[in-house]
Amino acid sequence: MRSQFNPLKVTLCLVFLIATICFFTGCKSNTDSAATLAVINARIWTGDPDQPWAEAMAVKGEEILFVGTNQEVEKLTGEGSNVIDAKGKMVTPGFNDAHIHFIDGGFGLSSVQLRDAKTRQEFIDRIAAFAKTIPAGSWILNGDWDHTNWGGELPKASWIDSITPNHPVFIQRLDGHMGLANTAAMNLSKVNSSTKDILGGTITRDSKGIPDGIFKDNAMSVIYKHITEPSDDLKDRALKAAMDYVVERGVTSIQNMGTWGDLEVFRRAHKKKELKTRVYAAVPLSSWEKLVEEVERSGRGDSYLKIGGLKGFVDGSLGSHTAAFQKAFSDTPADSGFMVTTTDKLYTAISAADKAGLQLLIHSIGDKAIRELLDIFERVEKENGKKDRRFRIEHFQHIAPADFPRIARMNLVASVQPYHAIDDGRWAEKIIGPERIKTTYAFKSLLDNKTILAFGSDWFVAPPTPLEGIYAAVTRRTIDDQNPGGWVPEQKITVEQALRAYTSGAAYASFDEDKKGVLKKNAFADFVVLDNDITTIDPEKIRDVKVLTTVVGGKVVYEQPAK
Ligand SMILES: [Zn+2]
């Protein structure tokens, strides 16, 4: 039978034919599939093992549409497409800072700057100058001083009392584990010779037993309790300052080790659509019940602001001699540090939070603290059953070699901060001796033992500059340049391993590996253009590489100003 003419059938056939031709040859796209943004002439390090390098990329809205060649991407662009010609420069996924104190960092940007005060006099002069710029009665906070800069003598209230009679002062050491209060702050906090020490903390005193201004770890709460809250407006300004600062450094996502107060600041900005950095906001472990309720009531958030993580502490820090070690410090033989949370309390909270489906991010530095946390994690995993829980150890600094085999079995996220290695590397051996430093900031051993390495900065404690972190992990050259071949060079890792730790590794640490840390179809269009290819230049030069452009969700959030 002769087939009858059927207009519908012919139309359908034509559509199918055109679609087929377009599929194989690539028609200039219609507005529907046109890219809103495209990057061409680039050296794109995608982080995608199926297509490690590419030349061009097309973005539609918030997500990546296509990654491939210039020709292919040009076919996806139309009149409305914003095209970035990378001129042969390197493009990488946006950096994800897995451990940061973001609001504090923002406040630090606008407070007295003491990190590089090289002498006692410079320290005093800078505080005096800053006090003149703020109203009487306002607290002077942050500071980030480092007493190792002037030979190691801890500052005292008496150094600054005469220049700060009208301002309570509580300025922190750069690791955040001790602070200096002036007499005005101690008076407001009712501190005197009868003030008792606090479990898990120290108040240093003069020969008559009078507190001299230094408060360590838990003892810092004695002063903290009396600090008046900055206004919402000041907090919002701190967040904005922090975002502006990090996008310039190529950071597109942060994981905030913070408070419920920080979360409120993020929420305010999110509501006004002012977040230009994606945020995973962890809150204190002690408040796990509140987080369970919060997640039940309103979920875990969205692509810009997410909750579900709890940050806890096992011990203090190395620089303050408050990290918990199995054997005494090499420079203070009667002291081996201490735990800031009891085992029982930690286990109870971790177990309950894990049962409720929350993620645990636990600060653990000394080899004793790490062993204790591994015990707890193993026990909780056994009792609560296997699941994709991604326990995180924050800092994971000084690991007893005997613990590596079980670390390899535990699917842990090692949330570590490479800049600390080249900073602490200047003096760590003095505190823990030549043997223990071999497994200190042991990034190579952590990779060899099957942890997922997630890099962060620990800003305000260290600079929030991922390229400095990558430089640190690859060269391990201490910041005083005293170890040109690398401090504990056996623990160096490759540029690509370090890049992964600052992108896909950090994304995995917050359950975001499908959308972040990799440039492939349907992932978020979060990426940076660098002014040099860090995989081919001399690693020594990585710290000088600059970010030219930062893009978050397909929007350009930073462009290096024209010179
Ligand atoms: Zn931290």
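The values are calculated or read from the model by the stated rules, or taken from the named source; none is laboratory data. Worth saying up front: this structure is predicted, and the values here are computed from it rather than measured. Note: ideal-geometry Cβ built from the backbone for every residue, glycine included; neighbour counts use all protein chains shown. The protein model used for the area step is the full one, side chains on, heavy atoms only, and it has no ligands, DNA or RNA in it. Shrake-Rupley method; radii C 1.70, N 1.55, O 1.52, S 1.80 Å.
Out of Glu296, Glu372, one residue alone is modelled with pLDDT of 95 or more, away from the ligand (no atom under 16 Å from the Cβ) and open to solvent by 50 Å² or more (accessible area, probe 1.4 Å). It is Glu296. Checking Ala353, Ala281 one by one, the residue that is open to solvent by less than 10 Å² (accessible area, probe 1.4 Å) and part of a helix (DSSP H, G or I) is Ala353 and no other. Looking for whichever is in contact with a Leu (Cβ under 7 Å, 6 or more places away or on another chain), assigned by TED's automatic domain parsing to the domain that holds Gly213 and charged (D, E, K, R) here; the options are Asp146, Asp175, Asp197. Which one fits? Asp146 is the lone residue from the list that is in contact with a Leu (Cβ under 7 Å, 6 or more places away or on another chain), assigned by TED's automatic domain parsing to the domain that holds Gly213 and charged (D, E, K, R). Residues that are farther than 17 Å from Ile103 by Cα and under 15 Å from the mean Cα position of the chain (by Cα) do not occur anywhere in the range 257-277.
When the residues of the range 230-248 are filtered to those that are among the acidic types (Asp, Glu) and assigned to a helix (DSSP H, G or I), the one that is modelled with the lowest pLDDT is Asp233.
Summed over the range 228-242, the residues that are more than 11 Å from Asp104 (Cα to Cα) and of a type outside the set (Lys, Arg) give a count of 8. The set of residues from the range 417-458 being at positive phi and either without any contact (Cβ under 8 Å) to a residue 24 or more places away in the chain or away from the ligand (no atom under 16 Å from the Cβ) (or both) comprises Gly433, Lys450.
Scanning the range 378-399 for residues that are closer than 16 Å to Gly312 by Cβ and surrounded by fewer than 23 Cβ atoms within 10 Å (Cβ to Cβ), which turns out farthest from the ligand (Cβ to nearest atom)? Top of the filtered list is Arg379. Filtered by the rule that a residue be out of contact with any strand residue (DSSP E or B) (no Cβ under 6 Å at 6 or more places or on another chain), free of Cβ contacts under 8 Å to residues at least 24 places away in the same chain and either under 26 Å from Asp116 (Cβ atoms) or open to solvent by less than 50 Å² (accessible area, probe 1.4 Å) (or both), the range 147-203 gives Gly151, Gly152, Asp161, Ser162, Ala184. Applying the set (1) within 16 Å of the ligand (Cβ to nearest atom); (2) under 14 Å from Ala34 (Cβ atoms) to Phe102 leaves exactly one unmet item: (2).
All of Val474, Val461, Val495, Val528 fail the test of being within 16 Å of the ligand (Cβ to nearest atom) and closer than 25 Å to Glu248 by Cβ, apart from Val461. Of the residues that make up the range 206-214, is at least one surrounded by fewer than 16 Cβ atoms within 10 Å (Cβ to Cβ), without any contact (Cβ under 8 Å) to a residue 12 or more places away in the chain, under 29 Å from Lys156 (Cβ atoms) and not polar (S, T, N, Q)? Yes, some residue in the range 206-214 is surrounded by fewer than 16 Cβ atoms within 10 Å (Cβ to Cβ), without any contact (Cβ under 8 Å) to a residue 12 or more places away in the chain, under 29 Å from Lys156 (Cβ atoms) and not polar (S, T, N, Q). Selection within the range 105-127: residues that are buried (at least 20 other Cβ atoms within 10 Å of the Cβ) and in contact (Cβ under 8 Å) with a residue 40 or more places away in the chain. The member of this set that is farthest from the ligand (Cβ to nearest atom) is Ile127.
Which ones in the range 502-519 are outside any helix (DSSP H, G or I) and either within 18 Å of Thr440 (Cα to Cα) or touching a residue at least 60 places away in the same chain (Cβ under 8 Å) (or both)?
Initial filter on the range 502-519 (outside any helix (DSSP H, G or I)): 503, 510-519.
Selection gives Thr503, Ser510, Phe511, Asp512, Lys515, Lys516, Gly517, Val518, Leu519.
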